[in-house]
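I have placed the structure first, in the form of structure tokens, so that the comments after it can refer back to it.
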Amino acid sequence: MGKIFQKPEALADVDTHYCPGCTHGIIHRLVAEVIDELDVRGRTVGIAPVGCAVLAYNYFTFDFQEAAHGRAPAMATGIKRVRPDLMVFTYQGDGDLASIGMSEIVHAANRGEKFTTIFVNNAVYGMTGGQMAPTTMPDQITTTSPAGRDTDEVGMPIKVSELLAALQTPAYIARQTVIRAKYIRKAKQAIKKAFTYQLEGKCFSLVEIVSTCPTNWGMTPIDSIKWAEDTLLPYYQLGEYKTPNGAG
Amino acid sequence: MAKVLMKGNEAIGEAAIKAGCLNYFAYPITPQSEVAEYLAKRLPEVGGVFLQGESEVAVSYMLYGAAGCGERVFTTSSSPGVSLMSEGISYMAGAQCPVVLVNIMRGGPGLGGILPSQADYLQATKSIGHGDFRMLVFAPASVQEAVEMTMVAFPLAEKYRNPVMILGDGLIGQMMEPVEFPDDLRSEPTNKNDWATTGMDKRGSDRPNLVKSLFLDPEKLNEHNLMLKAKYERMQQDEVRFEPYNLDSEYKVLIVSYGTMSRVCRTAIDNLKADGLEVGMVRPQTVFPFPENAVYEATAKSGCNAVISIEMSMGQMLEDVQRSVKGRKEVHWYGKCGGEVPTPEEVMDVVRSLAD
Amino acid sequence: MTHEHLVNRDKCKGCGVCVEACPKNVLALSEDVNAKGYFPAKQARPDDCVFCAICATMCPDVAITIREIADQAPTENKGGK
């Protein structure tokens, strides 16, 4: 960790609407740092999802488009196909990507679209008010699983990185987290790798980031970090699931 | 340029290329799949982008993304596919993305059938998706007209920053006619750097462009809706197109008909004229904006007893005709659906019954 | 060269993640609210700060900045030396 710490240029100097302790802010900053380090701000287009990060377009200092729920990978496909010189990334949550947008992400990944997806997995719908997501843990209480997720009724949580890594085409699939400083360096490395592969013209890259949602989990930010570490990380194991040279 | 004999669907694909659009995203559906098949071969020859999406839903967002970064882009589909795109079309309208959409209509509702129909009139002209928006909608009656409308659709989509639809039917798509591609209809996008995500370096700006349809502040959304409304009113002012037919005569009945159906009506009108009965027709070439003044003025003729909307749907355009006639004359309807096209004889019988 | 550690009181949402993360126990939450109505983080024991930047790394709101300064007398909001 360096001794100097400042807001990256690619991050707008504004307050976000995110709840206290929400890890979106950290992930935004890491993306912005990588964009600064690769010096691609002037040719980057981000795609905001529907969900808590829908207003992400206000928090970066480069071009942005805003998608419908789950459709960001299709939009990124459209942009990247007609303007391959642009750096394109989607920023999606787990309701957006793993539920309503599962078709779009699977097909974009499988076609090997040359964009990057930042997939924020906090095991719950945020913006709509804490409903059950495809990534919600067994027995996890949400507003639409008040007795806890019943896996007999709705199945087990989807492991998106493992699922997408089963496809032959994608270049890079990794899962990291930002819940503690010791993980953040690896998360940033993964984001930087994903963007670098895109810059090199390699096909689809995705970084899943295990995150917290103190508000909808009904916990303090500190307790959320502990819960994520104890409950999410054993199930959503960190690591590289696919690299351009073979499995991670 | 010499005329070539082409199938409607293929001619539409070539027209887009000739207009200067080299980006096409689509999903196969009868009766328009020939456009995709044609362009799968043709676009690579001219350095264009062809991509078969995983669904019409995805295709509509590929269009949104591509148009949102300022590039010309279009798709073709047919009724059930267009319904699937309707979500994305709403976003395109909200985010003001210029996209050209071709609907080669088939029968419905649901899967309906694969034969020609005009069953999507209300969907196209009133509300193709959620929210409060309109599209410029062209209704070609020949392959040549489909070509020319496709070619002018691109600069108009860019002028209004709005989706534009070519509303054809299965016959327009499937029939072969001699066509030419007028060189003077070729154009280039002009204003994209003002708004599209072209990349700040590319446009030499340090100000990000934002393509979005979200306005959480009610006052701002109201302003946005008012701005869109003003845009649709400008379309109504400036973009109405129609063809008058036999309106110089002392017609007893006025037909309003568009697309393939209007060709049958034209034959019926010619036959009735030979029999001594004059019938006039207003043929909308744009169905939004609808040529309401033209229809209203055409009902002023003193000998005109009745107005009839003849369409391959169960009385959809009828609502626009009634609105335009403003109660001045009785308004009737005749039509068939499901791929059945009324014959000239059927049209002649109906019109004769209204003439007295 | 020395460094200074700044907490932007009004950007801070008082989540306390930095307080928990700081290995030197430098930070604490204030007892008075900021403009947003949160109890922001403050340097309770600034002399213990080693400028490791872990707090800034963990801050979801980029409310913590660490920068190099020329040697001079400590100013308000400045931690350590």
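For the reader, a short list of remarks on this structure follows.
- Region C:40-56, subset more than 10 Å from chain A (Cβ to nearest Cβ) and not aliphatic (A, V, I, L, M), residue surrounded by the fewest Cβ atoms within 10 Å (Cβ to Cβ): C:D47
- Qualifying residue in region A:189-199 (condition: in a loop (DSSP other than H, G, I, E, B), of a type in the set (S, T, N, Q) and open to solvent by 50 Å² or more (accessible area, probe 1.4 Å)): no
- Residue match in region B:2-21 (condition: touching a residue at least 12 places away in the same chain (Cβ under 8 Å), in a loop (DSSP other than H, G, I, E, B) and polar (S, T, N, Q)): no
- Against the list (1) of a type in the set (A, V, I, L, M); (2) in a loop (DSSP other than H, G, I, E, B); (3) open to solvent by 40 Å² or more (accessible area, probe 1.4 Å), the condition B:L226 fails is (2).
- Which listed residue, of B:E239, B:E188, B:E223, B:E278, is among the charged types (D, E, K, R) and at pLDDT below 95: B:E188
- Boolean, B:F181 is of a type in the set (F, W, Y), assigned to a loop (DSSP other than H, G, I, E, B) and either at pLDDT 95 or above or in contact with a Pro (Cβ under 6 Å, 6 or more places away or on another chain) (or both): yes
- The selection criterion, being more than 18 Å from the chain's Cα centre (by Cα) and of a type outside the set (K, R), holds for A:G129.
- Criterion: in contact with a Gly (Cβ under 9 Å, 6 or more places away or on another chain), assigned to a loop (DSSP other than H, G, I, E, B) and open to solvent by less than 30 Å² (accessible area, probe 1.4 Å) - qualifying residue of A:Q176, A:Q140: A:Q140
- Output for region A:143-162, where each listed residue is under 15 Å from the mean Cα position of the chain (by Cα) and either over 22 Å from A:H107 (Cβ atoms) or open to solvent by 60 Å² or more (accessible area, probe 1.4 Å) (or both): A:K159
- Residue in region B:149-164 that is open to solvent by less than 30 Å² (accessible area, probe 1.4 Å), hydrophobic (A, V, I, L, M, F, W, C) and part of a loop (DSSP other than H, G, I, E, B) present: no
- Qualifying residue in region B:183-192 (condition: open to solvent by less than 10 Å² (accessible area, probe 1.4 Å), touching a residue at least 40 places away in the same chain (Cβ under 8 Å) and assigned by TED's automatic domain parsing to the domain that holds B:E34): no
- Some residue of region A:203-225 being open to solvent by 10 Å² or more (accessible area, probe 1.4 Å), part of a loop (DSSP other than H, G, I, E, B) and at pLDDT below 95: yes
- Residue list for region B:37-63, restricted to those being assigned to a helix (DSSP H, G or I), open to solvent by 10 Å² or more (accessible area, probe 1.4 Å), more than 12 Å from chain A (Cβ to nearest Cβ) and touching a helix residue (DSSP H, G or I) at 6+ places or on another chain (Cβ under 8 Å): B:Y38, B:R42
- Qualifying residue in region C:17-29 (condition: on the phi > 0 side of the Ramachandran plot and open to solvent by less than 10 Å² (accessible area, probe 1.4 Å)): no
- Some residue of region B:82-93 being away from chain A (no Cβ under 14 Å) and out of contact with any Ser or Thr (no Cβ under 7 Å at 6 or more places or on another chain): yes
- Conditions (1) without any contact (Cβ under 8 Å) to a residue 40 or more places away in the chain; (2) within 14 Å of chain A (Cβ to nearest Cβ); (3) among the aliphatic types (A, V, I, L, M): number failed by B:A274: (2)
- Qualifying positions in region A:45-92 - more than 25 Å from A:C22 (Cα to Cα) and either more than 7 Å from every other protein chain (Cβ to nearest Cβ) or open to solvent by less than 10 Å² (accessible area, probe 1.4 Å) (or both): A:A74, A:M75, A:A76, A:T77, A:G78, A:I79, A:K80, A:P84, A:D85, A:L86, A:M87
- Hits in region B:282-306 (condition: open to solvent by 10 Å² or more (accessible area, probe 1.4 Å) and more than 30 Å from B:T150 (Cβ to Cβ)): B:A300, B:K301, B:S302, B:G303, B:N305
- The listed residues are B:L247, B:L210, and the only one of them that is surrounded by fewer than 22 Cβ atoms within 10 Å (Cβ to Cβ) and assigned by TED's automatic domain parsing to the domain that holds B:L22 turns out to be B:L210.
- Qualifying residue in region A:115-123 (condition: within 14 Å of chain B (Cβ to nearest Cβ) and farther than 28 Å from A:D15 by Cβ): yes
- Reported count of residues in region C:56-70, each being of a type outside the set (S, T, Y), modelled with pLDDT of 95 or more and either under 17 Å from A:T212 (Cβ atoms) or part of a loop (DSSP other than H, G, I, E, B) (or both), is 6.
- Filter pass, B:L111 being more than 14 Å from chain A (Cβ to nearest Cβ) and farther than 17 Å from B:I12 by Cβ: yes
The values are calculated or read from the model by the stated rules, or taken from the named source; none is laboratory data. The model shown is predicted, which means the values in this text are computed figures rather than measured ones. With ideal geometry, Cβ positions are generated from the backbone for all residues, glycine too; neighbour counts draw on all protein chains shown. Ligands, DNA and RNA are excluded from the accessible area calculation, which covers all protein heavy atoms including side chains. Shrake-Rupley method; radii C 1.70, N 1.55, O 1.52, S 1.80 Å.
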